[in-house]
Each structure stands twice: as structure tokens, then as C-alpha cells.
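Just so you know, all these numbers are worked out from the coordinates, no wet-lab data involved. From a predicted model like this one, the values you see are computed outputs, not experimental measurements. All Cβ positions, glycine included, derive from the backbone under ideal geometry; neighbour counts span all protein chains shown.
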Amino acid sequence: MSYDNIIAGNGIGISITGMLIVFSALILISLFISMLPKLLPALEKLFPEQHHHGAAVKKEEDHTPILAAIGYALYCKKTGTLPKK
Amino acid sequence: MDIFLQFLGTTAFATMTMGNFIMIIIGIIFVTLAIRKDYEPLLLVPIGFGVIVGNIPPIPGMGLSVYDEGSVLRYIYFGVSQGIFPPLIFLGIGAMTDFSTMLSNPKLVLLGAAAQIGIFLTLLGALFLGFSPAESGAIGIIGGADGPTAIFLSSKLAPHLLGSIAIAAYSYMALVPVLQPPVMKLLTTREERLIRMPPPRFVSQREKIIFPIAAFLIASFIAPGAIVLIGMLFFGNLLKESCVTERLANTARNAMIDIVTILLGFSVGASTQAQTFLTPQSLLIFGLGALSFIVATAGGVLFAKFMNLFLKEKINPLVGAAGVSAVPDSARVVQAVGQKEDPHNFLLMHAMAPNVAGVLGSAIGAGILWSVLVN
């Protein structure tokens, strides 16, 4: 158990360099993400969106009837008007 | 009679050691925690049962344990010892990860980087305690709070410590709800915990498709050692987001990741024979592991507070704690701690951004340590 082990293993150098590299990589990714919305319009001009032969993106399902049924059931339960089987 | 006595000599009753008995109790505790407390059951049940199986003393001359040439368990353990299973798990994680919250608020990515301080301070701690640089790197990665990454790196740098490191990493990941809240509360004021953040913006499908390719290129150019883990993560994510490979994405995030988790958890558990596991080194690794989770949490929270010095739109510093990867448990902890102060404050979606950034950060950290310490 000794501070010399850290020096001998070049621990401080590895730690500082490691943190700097991790930060650099994630800062670059963060910058890229920030610029992405600005790049998209240019990309749209070069490669306009088109339909392809692959599976289509699933559209959001309309859950309104299910939500209405759940809401009605909860209301009936709360007011004690839930029909018995 | 001789044959019967000879048989009795081969039974576990005759060959069981106190160490094996202790490990079997630990295995039972893992299974109990998973079933009764719901602590990471998908991992702790296979690992716990594996610990029980691995500590039934093998019969000399018969290939039974993970360390015996030609045994079935050894073949399963091959996926762990050669670092095959962790990238496959990353493929599944990629296929189930939605990077939208991170794409909508890119500054939160930095919190995922800050929390990786846990890796590098633990490395210093391990060196201080007398571990070799390669062993210290493998122990340090526990601070990344990512089980597959810890297994991958320790299989490359310190295979003899793999069992202890894997068990420590997964145990502390299960204990995230216990370890993190005190640190988060200690380092933040009530006013800070009450900060509300604006809802994330809408992210287009095209952004989601471009991101995995671009981010992989950036990360792998900077840290090529991370290409195996990062490559599989972003490949899985591309399968998900491209919308044309739904079947592959489904297999990767369901059947495949489940199969690999079973094999990985069970064989890691079975590798913890008392004779190799119950050593003073393991105790030190467990101590350093706990410290690394605490340091990583503190790193994320303190960096969020530091960022707030320069930001007009403040970040709730609790979100920084999700920078330790432990997906999605640490994000859930952020949500729970935040809602204790304000039941109407929903931090989960914001916490998912540093959470997935933490996965990237720990994989990049592993790549760096691997390339620096491999020789």
C-alpha cells in the first residue's frame, strides 16, 4: 500500500489522459448532436425522403377508445355504479 | 463396502470446505434478494444459482467445473473468458435503447462523461493498494457501472480477477437504489432538487438513423479500443431505428439478449469457486467497487452543478447521478429522489440522456484502458 505504486504504474497520467479522451469523445458527439438539426435541411435537399420497399414506420395507434373505456370504468367504480356480472 | 466408502469419499459431504459453504450461502442470498426485493432479478437469479452450482466441490478427474478441461460449464464460460458475451449484450442493449432524450438535449451528454471519474479514481485506488496496472484497470471499470463492460475488460486485462469483478459490478448495480440517494442528497440543496427542466424536443426519425453511424465514427476514431462494444451498441441501435430490420432488432433485444444473459450470469456465478474467489483480493475489489460507485455518482452530480454556473436554463443536478451507466436503474433513482421533493417533477426522461451517455462513456473508458494497459 503505497503512493509509489501509483507513480510506478503511471496512474495519474493514465487517469488524466483517460478522462480527457472520454470527455473529448463525448463533447464531439454532443457537438454533432447540436449541429444535426441544422444539417438536416441541407441533407433533405440532397436526399429527399422517399418511400422504400422496407417495412413502414409504425404509426401511432389511436388509443382514445381504450382510454375512454378505462376512464368510464374508473368513474363507475368510484361512483359505485359499476354494473355487476 | 469398499465401493460404497469410495463413493462416499467423492460426495460433496466429504469434500465440502467452509469456503464452499459460505459461497453457497452467498448464492442463496443473491437469489433471495432477487426474488424478495426485486434487485436486478434477471441477473442475480442466474448468477446466484451459478454460485451455488460452482461451489459444489467437483470430483477429481471428472470434468465438471468451469476450470476443468472439457467440462460443459467450461464451454459455456468460454463466452465470458474470451469476451464474446458482452458485445452480444451490447447489441441487444442498442436495439432497445432510445437515444431521443439525449438527442434532444445534447449538453446532458457531458454528465455521462463526468461520471466516468469513478473509473479512473478507482484505478488510482487499486494501484495504491498494490494491484498491477492491468489489474487496476480491470478493477477501475467497476466504476463504469456497466456489467458487460466490466466483464469484457477484465477478460482482456485480468482474467484471474474476472469472477470477483463481475460479481462486484453486478452486486453494486443491484444496489444502486441504496448507494446513490445518500450521495445525491448530501451534494444537493432542496432548491436544486426542485429544479424543473423543460420537456425534450421532438426528434425526427432521420436524426435517430444518422446518430448511431456518426457517433460510432466519432467514438471509434478517438478510442479504437472501444469498437467492439460501441460498434455492437450502435449496430443494434441502427437495427432498431432504421425501421427496415424490425425482425433483427426484435431478436437482438428479446431472444438473443435473454439467452446471452442466462449463459453469462450462470457461468460467471459458476466461476466463483471458494478456492479462487474467497481471497483478500476479492474483499479489496468489493471495497473499491463500492467506492467507485459513490465517486461516479458524486462526479455526475457535481459536474451538473458546475454546468449550472454557466447555463441560463438550469439542470436539476440529481440528473447527473444517472451519468453512471447502470441503465435504467440510476435514472429511476433520479426520478424517485426528485419526486420525494416534488411529486409533480418528472426527471426520468431527462435522466435517460446522461444514463445512455454513461454507457458510451464507460465503453470508451474501457477501450482506452484496454489499449493503454494491454501490454
Taking 7 Å along the Cα-to-C-beta vector as the label spot, tell me the A:ILE16-B:ASP68 distance in nanometres, rounded to one decimal. 5.2 nm
Computed FRET value (nearest 0.05) for A:ASP62 with B:ILE209, which takes r as the C-beta separation and R₀ as 25 Å: 0.45
Which of B:PRO199, B:ASN105, A:ALA68 sits farthest toward the positive end of the charge dipole of the protein assembly as shown, with +1 on the Cβ of Lys and Arg and -1 on the Cβ of Asp and Glu? A:ALA68
For chain B: relative contact order, % (alpha-carbon pairs under 8 angstrom, 6 or more apart): 29 percent
Stokes-Einstein D (µm²/s) once Rh is taken as the Kirkwood radius of the protein assembly as shown over alpha-carbon pairs, at 25 °C in 0.890 mPa s: 104 µm²/s
Rounded to the nearest 0.05, what FRET efficiency do B:GLN275 and A:LEU74 give with R0 = 41 Å and r taken as the Cβ-Cβ distance? Could you check? 0.10
Can you figure out the FRET efficiency of B:PHE21 with A:MET35, using R₀ = 56 Å and their beta-carbon distance, to the nearest 0.05? 0.40
Divide the volume of the convex hull of the Cα atoms of the range A:1-47 by its number of residues and quote the answer in cubic angstrom per residue. 77 Å³
Among B:PHE346, B:ILE167, B:PHE128 - extreme Cα towards positive end, dipole of the protein assembly as shown, charges at beta-carbon: B:PHE346
Once you keep just the Cα pairs under 8 angstrom separated by 6 or more residues, what percentage relative contact order results for the range B:131-255? 15 percent
Lys pairs in chain B, Cα-Cα under 16 Å, at least 8 apart or on separate chains: how many? 7
Acute angle (nearest 10 degrees) that the helix B:176-187 long axis makes with the longest principal axis of chain B, alpha-carbon atoms: 40 degrees
B:ARG247-B:LEU291 pseudo-label distance in nm [points 7 Å out on the Cα-to-Cβ vector]: 5.2 nm
Please find, in a Gaussian network model of chain B (springs between Cα atoms separated by less than 10 Å), the residue of B:GLY269, B:GLY299, B:GLY79 whose mean-square fluctuation is greatest. B:GLY79
